[in-house]
Amino acid sequence: MGNAAPAGRPLDLIRPMLATPGEAPQDDGWAVEFKWDGYRGVAHCRGRDVQVISRNDLDFAGRFPELGILPELLHHRTAVLDGEIVALDDEGRPDFGLLQQRNKIGAGVRELRPSRPRIAYFVFDLLHLDDRSLLSTPYDVRRAVLAELGLPGNHAVQVPPTFLSTEPEDVLRVASQYGFEGIVSKRVKSRYEPGRRSPSWVKTPFRYTQEVVIGGWRAGQGNRAGRLGSLLLGAHDGEGGLVYIGHVGTGFSQAVLADLQRALERRERPTSPFAVEVPREHARHARWVRPELVGEVEFRQWTPDGRLRHPAWRGLRPDRDPSSVVLPPTS
């Protein structure tokens, strides 16, 4: 992105910088933030126009119209903000399950009016302001300039705290008490690296999650007889093949099951989309689908044969492209 955006020319798209999983760094020179449980979005604001772009280049401005307040809060300045779209429960805590209430897989649904759950955009970085790119500016300076914008915290756009001189263990303890997802440590003198998973940002979650591609489903038994019982899940290997990593049959509400089944029935195909053979006990009576839907599961650990142990469904990830769902690196 250049240092200036000429009048009438849209801002160049900036893709989000990503954090590397790991333990929180213990040496000096790091700031710590809470890790928010939502959809990442980079807001490109110019005058009265705003786009909030997801990691797979969807514009979330229509899905979350609460964010239309951004131009007014910025006094119609040109700016690019990085943050997380979250749904807040009655106590003001982010809840990924509530965020799923804004997801509609049905064809033709493009926009929802503001409604419960309460949506907030937690802005934690500033990448461009007026005619100045801040990508090469150190993190601590970017945060200081963001603070100078004076965004108030009592509406849909909020600036969460950053802890510059607090031990990571203390921030982790607070995050745990409030039910947050974990923490992110950021090197205070690091530049912003668009689209890169950088060691300058380290995420330390409390629980394991994995993005998954849905490759098929099986009907259930009992009260789920004839209806969706479990999903067959995959992720891409280093060569782009979709590898089977297990199945999930828990964590669904009845409404989610019904919506998913309708979406999957529209995507049926006669053969398995997986590059490797699915175990016979899981492939029996499976209904295969085009691998177009991305979801997220929570799980206990990986098994020695590369399967998810005790996964539970968390929800769809419309902000992810199936090709971006990959197996974690092996140590």
task: Between Arg93 and Asp305, with labels modelled 7 Å along Cα→Cβ, what's the label distance in nm to one decimal, could you check?
output: 3.8 nm
message: Explain nothing, just the number: dipole magnitude of the chain about its Cα centre with +1 on each Lys and Arg Cβ and -1 on each Asp and Glu Cβ, in debye rounded to the nearest 20.
response: 1080 debye
query: Of the GluC sites (Glu not before Pro) in the stretch 245-283, which ones lie in a loop per DSSP and count no more than 14 other C-beta atoms within 10 Å?
result: Glu277
query: Regarding the stretch 18-205, what is the average projected area of its C-alpha convex hull, in nm²?
result: 10.6 nm²
- line: So the compactness index of the stretch 22-111, its C-alpha Rg divided by 2.2 N^0.38 Å, takes the value 1.28
Along the chain, longest interval not containing exposed trypsin sites (Lys or Arg not before Pro), exposed being DSSP loop plus at most 10 other Cβ atoms within 10 Å: 111-206
task: Starting from 0 in steps of 10 Å, tell me what percent of the Cα-Cα pairs of the stretch 208-324 lands in each bin.
output: 14, 51, 32, 3, 0
- prompt: When the chain is modelled as a GNM with alpha-carbon springs shorter than 10 Å, which of Asp259, Asp140, Asp57 fluctuates the most?
  reply: Asp259
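Only the coordinates and a few stated rules stand behind these numbers; no lab work does. Worth saying up front: this structure is predicted, and the values here are computed from it rather than measured. Glycine also receives a Cβ, built like all others from the backbone with ideal geometry; neighbour counts cover every protein chain displayed.
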